[in-house]
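Heads up, the thing below is written out as structure tokens.
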Amino acid sequence: MSNQYFPRSIPEAQGIQSSAIEQFLDKIHKENIELHSLMLVRHGFVVAEGWWAPYQANLQHMLFSLSKSFTSTAVGLAVQEGLVSLNDAVVSFFPEEVPEEVSENLSIMRIRDLLMMGSGHAEDTMGRLHQANDGNWVQAFLQAPVEYPPGTHFVYNSGATYMLSAILQKVTGLTLLQFLQPRILEPLAITDATWETCPRGISAGGWGLSITTEDIAKFGQLYLQKGVWEGKRLLAEEWIEQATSKQIANGDDVESDWAQGYGYQFWRCKHNTYRGDGAFGQFCIVMPEQDAVLAVTSGTNDMQGVLNAVWEHLLPSMLLRPLAKNKSAEVQLAASLNELSLDLPRHVQNSPAEKLVSGRLFHMESNQEQWNSFNIQFDTNQAIINVTSNKGEHVIRCGRGHWIQGVTDIFEQANRRVAASFTWVDSNSLEVTLRYVETPFCFTVKCRFEADRIIIVNNPNVSFGSIESQQILGHL
């Protein structure tokens, strides 16, 4: 994993009041916004950093659409190396996948249009891509109707970003990750990055990258420094100017940071700032006039709330000159950052029901999660849950009033790190919290024991679909 890169400094030495950062943290807490980490860099120094336990500095975090800004960077590198041009027609790269009749709008779609989310589609093409039975996402994209002249109509389209990845792989023979490795990732000391791929092995492009919080900050700092890193130019300044400028209009709501214009896979923000961002609050916010970068990972649906707190408390507090030391505020902020944690559910420490249900096997009725059986064993400090499903056996150790780290795929496609804890809500109701600490996702699983049956209800904190709970019933 990435080691510390940036030098550390107290906020006042870099012209920021410690109390302003404290106010930002208070605002996030009061608004009940679930952040997982933050790192604020000013003048090249980290002035504040924190991870809400059980999230940790050394763990990578799923970026979702913040990945798009890295894909854009790869395109910028390919342009400066003469491998592609922004005016290249998309269809020119895939003669075998184009439909028999190529519409005029499809024929004039360029790389530039994909970058600015102006592909001409009326909606995101990702649904079509996922439905492609043969896993040929490129063909599924090219078969989709193109309703508008490319470059004229903004639609946020992860399929367009996937096509940028597919074009790069076609031209270079390398995945996005392989292409970026020597050009950006190694110089920035971003190690162990992973990127999800489509069924045919092409990096997803529009999502799927996982790196650490400090890695996000390094990426933002590269853009803040106009493409220069440790005295060496990695990325053309002209590219950074284009990528982070408004290339297409995306709304007229002056209050919304999703309507300030869109660049090449970067969002324009209020206050002449810009950002890469991903679902549920993954942010790389670059503030050129303040010479600052803020990296944030989260599990929240209130993404505008995060940005509002930045504009209200952090941005105005950044002054041009160093400030006088404020030892008490500095100590208070250090303590607050060090003690960040997400509330550990604690209702009732134990229940007489433990003896009745411990080790007993419940057979589950037909359910969406495809669980077949469930049993739980209690001891002094932990509960061990064992679930069999159509995917296999899942064993999860949960701490009694503390987190236990483990690995499971019970609610995910692949094995992921999880922090698990349990508490009793009342004598018959158990609550288990599963935090997938490398993702935005947390699941609260409530188990109610009634005579010879169990009722399990699972609630995710955030979801692309419905977060309505599903009941799973089981019997002894």
Quiz item: Looking at this structure, is Pro182 surrounded by fewer than 22 Cβ atoms within 10 Å (Cβ to Cβ), in contact (Cβ under 8 Å) with a residue 40 or more places away in the chain and not hydroxyl-bearing (Ser, Thr, Tyr)?
Solution: no
Practice problem: Give the residues of the stretch 94-121 that are closer than 21 Å to Ile248 by Cα, of a type in the set (A, V, I, L, M) and assigned to a loop (DSSP other than H, G, I, E, B), sorted by residue number. | Solution: Ile108, Met109, Met116, Met117
Self-check item: Test set (1) in the same structural domain as Met39 (by TED's automatic domain parsing); (2) modelled with pLDDT under 95 - Phe411 fails condition number
Solution: (1)
Quiz item: In the stretch 422-471, which strands (runs of 3 or more DSSP E) lie fully inside it and hold 1 or more residues that are within 25 Å of Ser341 (Cα to Cα) and touching a Cys at 6+ places or on another chain (Cβ under 9 Å)?
Solution: 429-435, 453-460
Quiz item: For the stretch 1-35, which residues satisfy the criterion of being more than 19 Å from Phe45 (Cα to Cα) and at pLDDT below 95?
Solution: Met1
Quiz item: Of all the residues that make up the stretch 332-349, how many are in a loop (DSSP other than H, G, I, E, B) and either at pLDDT 95 or above or closer than 14 Å to Gln377 by Cβ (or both)?
Solution: 3
Self-check item: the stretch 378-396, residues that are touching a strand residue (DSSP E or B) at 6+ places or on another chain (Cβ under 6 Å) and part of a loop (DSSP other than H, G, I, E, B)
Solution: Asn381
Self-check item: Criterion (within 24 Å of the chain's Cα centre (by Cα), among the hydrophobic types (A, V, I, L, M, F, W, C) and assigned to a helix (DSSP H, G or I)) met by exactly one of Val75, Val91
Solution: Val75
Quiz item: Hey, does the stretch 64-73 have a residue that's modelled with pLDDT of 95 or more, crowded, with 23+ Cβ neighbours inside 10 Å and farther than 30 Å from Val407 by Cα?
Solution: yes
Practice problem: Mind listing whichever residues of the stretch 31-54 are part of a strand (DSSP E or B) and of a type in the set (D, E, K, R)? | Solution: Arg42, Glu49
Quiz item: Looking at Glu97, Glu81, Glu31, Glu104, which one is surrounded by 15 or more Cβ atoms within 10 Å (Cβ to Cβ), not basic (Lys, Arg) and not assigned by TED's automatic domain parsing to the domain that holds Arg416?
Solution: Glu97
Quiz item: Tally time: how many residues in the stretch 272-303 are farther than 28 Å from Leu86 by Cβ and over 18 Å from the mean Cα position of the chain (by Cα)?
Solution: 3
Self-check item: Qualifying positions in the stretch 161-213 - among the polar types (S, T, N, Q) and either part of a helix (DSSP H, G or I) or under 23 Å from Gly82 (Cα atoms) (or both)
Solution: Thr161, Ser165, Gln169, Thr172, Thr175, Gln178, Gln181, Ser203, Thr213
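The values are calculated or read from the model by the stated rules, or taken from the named source; none is laboratory data. These numbers were taken from a predicted model, which means no experiment stands behind them. As a convention, Cβ positions derive from the backbone with ideal geometry for all residues, glycine included, and neighbour counts pool all protein chains shown.
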